[in-house]
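**Q** Here it is: the structure, laid out below.
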Amino acid sequence: MLYPLHDLQRTLFRPVSLWARAGAEALQAWPLPGVTPLAAGYELLHRMTKDYPRPDFGVREVVAHGRTVSVVEEVVAEQPFCRLVRFTRRTEDEVTAARLGRDHKLLLCAPLSGHFATLLRDTVRSLLQDFDVYVTDWRDAREVPLSEGTFHLDTYVAYLQGFIRCLGAERLHVVAVCQPVVPALAVVSLLASAGERTPRALVLMGGPVDGREAPTVVNRLAADRPLTWFEQNLVHTVPAGHPGAGRRVYPGFLQLTAFVAMNPLRHAQSYKDYFVDRARGRDGGAHERFYDGYNAVLDMDAAYYLETVDVVFQRFLLARGEWAVAGVQVRPQDIRHTGLLTVEGAEDDISGPGQTRAAQRLCSGVPDGKKAHLLAEGVGHYGIFSGHKWRESVHPRVRDFLKAQEVEA
């Protein structure tokens, strides 16, 4: 009953949100004393009751090879639960176009852990300066009809494997952020074990390769409860009115509640600061842009979610060398020709320092000269891939590592 009640709540809040927005706009049009704080209150009410649909990436142009080029999103491959989106760079300058054509492809594996892939817009914008970028754009499970079947962790690995084969590994880099660190490492391992060509470089950023290292609240939550607890308390059925009606999912609204509960005081302060800024006539755009993305969440298929809890967070099968995908053993030690960079935030409270670096130990077949690790001081989980710390500290190191693999290969 929880999911239908949530839908009912959203339906009841919708006119409140519209009324609050209209009130804010009307008050802002009246240049009278004392009106601005009142308008700010209406704005805050609107943002606390509105729906947050999937936002756009909003990357329209970037500077690449010293020239401003336009960017167009194109779907190059599609599966029931995911689209592979290319951020095609275009320019009429022939010299720049030729340089763009020589750039290596980069598959950016976006998380399937609550938020939409658009949360990586800052990552995309930075990487487009030097690479031909493709992104895994995951679909909301409540929008996927039951006729499309169930989505499993093995399905996730198969999707990534198919995308790599589609793009061709010879001139391809793979960058995985947070949750896809584990399946991305599995995919490259499986390709190597099968004797197939592997990508030039694999960058793993802030993901739980071995959750036993520096366990966080997220790790302890998974370890302290049996798998049946997650199924009984967090899995619900999509109600009628949605394309995926009848599908068992971990709902996005419950995931968002869990995200906020990890740092409730910080979020409360952020909303308070937003009200104060707007009441004083200051711009609140930064707050709005962040929470438009943060509050936009998707449902995950229950099978995939429960298998991830089991394999990654409870039994640590990859770290123990005991994980098999579709009956085939995952052997990171078979990777030999792919450069490996692991990236962690020293202040990461989701994937603690050491969890991603564990891949360095597992990938024993990669020569030391093709391995590197970056521990970003003063950087939390989101700072690894977004914001000024990503742009100023992390991205340059990632870019330089990838370029080095192009030269060496």
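**Q** Please report the equivalent ellipsoid semi-axes of the range 79-143, computed as sqrt(5 x eigenvalue) of the Cα gyration tensor, largest first, in whole Å.
**A** Those come to 27, 11, 9 Å.
**Q** Report the extension gain between ALA286 and ALA29 in nm, rounded to one decimal, defined as 0.36 nm multiplied by the number of residues separating them, less their alpha carbon distance.
**A** Computed gain between ALA286 and ALA29 is 90.3 nm.
**Q** On to the next question. Could you work out how far the C-alpha centroid of the range 170-219 sits from that of the range 379-393, in angstrom?
**A** Cα centroid of the range 170-219 versus Cα centroid of the range 379-393: 19 Å apart.
**Q** Another question about this same structure. Most mobile of LEU38, LEU375, LEU190 per a Gaussian network model of the chain (Cα springs, under 10 Å)?
**A** Its mean-square fluctuation being the largest, the pick is LEU38.
**Q** Something else now. Taking the Cα-to-Cβ direction at ARG399 and at ALA261 and moving 7 Å from each Cα, how far apart do the two end points lie in nm?
**A** 4.1 nm
**Q** Using only Cα atoms, tell me the angle between helix 264-279 and the longest principal axis of the chain; keep it within 0 to 90° and round to the nearest 10.
**A** Tilt of helix 264-279: around 50 degrees.
**Q** Could I ask something else about it? Which whole-Hz ³J(HN,Hα) couplings does the range 167-179 yield from phi under the Karplus relation 6.51 cos²θ - 1.76 cosθ + 1.60, θ = phi - 60°, glycine and proline marked x?
**A** 7, x, 7, 4, 10, 10, 10, 10, 10, 10, 10, 6, 3
**Q** Related question: Over its Cα atoms, what ratio of radius of gyration to 2.2 N^0.38 Å does the range 258-343 give?
**A** 1.76
**Q** Given a 10 angstrom Cα cut-off, can you work out which residue in LYS389, LYS371, LYS50 is the most mobile in a GNM of the chain?
**A** Sorting by GNM fluctuation, first place goes to LYS50.
**Q** Rg over Rh of the range 1-151, using C-alpha atoms and the Kirkwood radius, what does it come to?
**A** That ratio is 1.12, to two decimals.
**Q** Let me ask something else. Just want the ordering: TRP138, TRP30, from fewest to most Cβ atoms lying within 10 Å of their own Cβ.
**A** Sorted ascending by nearby Cβ count, the order is TRP30, TRP138.
**Q** Another question, then. When a footprinting reagent is the concern and you count Cβ atoms within 10 Å, what order do GLU344, GLU148 take, fewest first?
**A** Lowest count first: GLU148, GLU344.
**Q** Hey, another quick one. Contact order normalised by length for the chain, with contacts defined as Cα pairs under 8 Å and 6 or more residues apart; what percent is it?
**A** 19 percent
**Q** If one takes the longest principal axis of the Cα atoms in the chain, at what angle in degrees, from 0 to 90 and to the nearest 10, does the Cα axis of helix 2-28 lie?
**A** 60 degrees
**Q** For the range 103-176, restrict the atom set to alpha-carbon positions and state the Rg and Dmax in Å.
**A** 13.5, 40
**Q** Considering all projection directions equally, how large on average is the shadow of the alpha-carbon convex hull of the chain, in square nanometres?
**A** 21.3 nm²
**Q** According to a simple spin-label model (label point 7 Å from Cα along Cα-to-Cβ), what is the distance in nm between ALA326 and THR68?
**A** About 4.6 nm, to one decimal.
**Q** While we're looking at this one, here's another question. If I take every Cα pair under 8 Å that is 6 or more residues apart in the range 65-188, average their sequence separation and divide by the length, what percent do I get for the relative contact order?
**A** Relative contact order comes out at 31 percent.
**Q** Rounding to the nearest 10 and keeping the result within 0 to 90°, find how far the Cα-based axis of helix 181-193 lies from the longest principal axis of the chain.
**A** Taking Cα atoms only, the helix is inclined about 20 degrees.
**Q** Okay, next question. Which lysines, if any, have their Cα less than 25 Å from the Cα of LYS50, not counting same-chain residues under 8 positions apart?
**A** LYS272
**Q** Above 18 angstrom, tally the Cα pairs of the range 329-381 and express them as a % of all pairs, no decimals.
**A** For the range 329-381, the fraction of Cα-Cα distances above 18 Å is 35 percent.
Just so you know, all these numbers are worked out from the coordinates, no wet-lab data involved. Every value quoted in this text rests on a predicted model; they were computed, and no experiment measured them. Methodologically, a virtual Cβ is constructed for each residue, glycine included, from the backbone with ideal geometry; neighbour enumeration extends over all protein chains shown.
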